[in-house]
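The values are calculated or read from the model by the stated rules, or taken from the named source; none is laboratory data. In this text, all values refer to a predicted model and were calculated from it rather than measured experimentally. Here the Cβ positions follow ideal geometry from the backbone for every residue, glycine too, while neighbour counts run over all protein chains shown. Ligands, DNA and RNA are excluded from the accessible area calculation, which covers all protein heavy atoms including side chains. Shrake-Rupley method; radii C 1.70, N 1.55, O 1.52, S 1.80 Å.
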Amino acid sequence: AVLAVGAREPREALMRVDWPLLLCFAGLCVVVAGVGRAGVAARMHDAIAPWLGESAARQATVFSLFSAVASQVVSNVPFVILAGEWVPRMADPDLLWLATALSSTLAGNLTVVGSVANLIVLGLAGPRAQIGFWGFLRHGAVVTAVTLAAGLGLLLAERAVGMI
């Protein structure tokens, strides 16, 4: 629709698309869908299930930590696609959806690969910003730990007083 009503030639807009990045993100989603269909996602859930416990607060805490780590493997958006099968089976799905949104979003700050947005920014910065994986992690670990702890604490406090 934007191309149709735009004042410029569609070719101009299409030339500005970062096709390799778009392909990378699409590929991640395809891989994650394959992981789900192959049963790997179910086995991942089975592996973490004993640690989740029965209480919603424990599930939110443990699953948030798991989300932060798992988001580093497949990036945060594809991870949420996988989590979509698990969250409805939790003790309090509303709380767990909020915790998943919080933790997977903040997980993007942990490493360069934690969020496709990081790849976009570093790709656009090019040689002007020489930020390596370990340098990013050094700062990202602090930011992620502090914001995830504060956010999860606030989320659980809101649940305790009946706001969720």
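Exactly one residue out of 39, 6 is modelled with pLDDT under 90, loosely packed, with under 15 Cβ neighbours inside 10 Å, of a type outside the set (Phe, Trp, Tyr) and at positive phi: that is 39.
For the stretch 123-153, a tally of residues being of a type in the set (Gly, Ala, Ser) and without any contact (Cβ under 8 Å) to a residue 24 or more places away in the chain returns 9.
I'd like to know if the stretch 35-43 contains one or more residues that are aliphatic (A, V, I, L, M) and within 30 Å of residue 159 (Cα to Cα).
The answer is yes; a qualifying residue exists.
Residue pairs whose Cβ atoms lie under 9 Å apart, separated by 6 or more positions or on different chains, with the first residue in the stretch 53-74 and closer than 20 Å to residue 94 by Cβ and the second of a type in the set (D, E, K, R) and open to solvent by 50 Å² or more (accessible area, probe 1.4 Å), are 56/159; 57/159; 60/159. Taking every residue in the stretch 23-37 that is touching a residue at least 40 places away in the same chain (Cβ under 8 Å) and pairing it with any residue that is assigned to a helix (DSSP H, G or I) and not aliphatic (A, V, I, L, M), at least 6 positions away or on another chain, the pairs with Cβ-Cβ distances below 7 Å are 28/78; 29/78; 32/78. One residue stands out in the stretch 73-88 among those that are within 14 Å of residue 105 (Cβ to Cβ) and in contact with a Phe, Trp or Tyr (Cβ under 9 Å, 6 or more places away or on another chain): the one that is surrounded by the most Cβ atoms within 10 Å (Cβ to Cβ), namely 75. Going by what's in this entry, would residue 145 be described as assigned to a helix (DSSP H, G or I) and in contact with a Ser or Thr (Cβ under 6 Å, 6 or more places away or on another chain)? Judged against the criteria, residue 145 is not a match.
It is to be established whether one or more residues within the stretch 116-137 are open to solvent by 40 Å² or more (accessible area, probe 1.4 Å) and closer than 25 Å to residue 41 by Cβ. Yes.
If the condition is being part of a helix (DSSP H, G or I) and more than 17 Å from the chain's Cα centre (by Cα), then the stretch 111-135 contributes 122, 123, 124, 125, 126, 127, 128, 133, 134, 135.
All of 147, 111, 100, 105 fail the test of being surrounded by 14 or more Cβ atoms within 10 Å (Cβ to Cβ), β-branched (Val, Ile, Thr) and farther than 25 Å from residue 24 by Cα, apart from 147. What single numbered condition from (1) under 19 Å from residue 155 (Cα atoms); (2) part of a loop (DSSP other than H, G, I, E, B) fails to hold for residue 97? Failed condition: (2).
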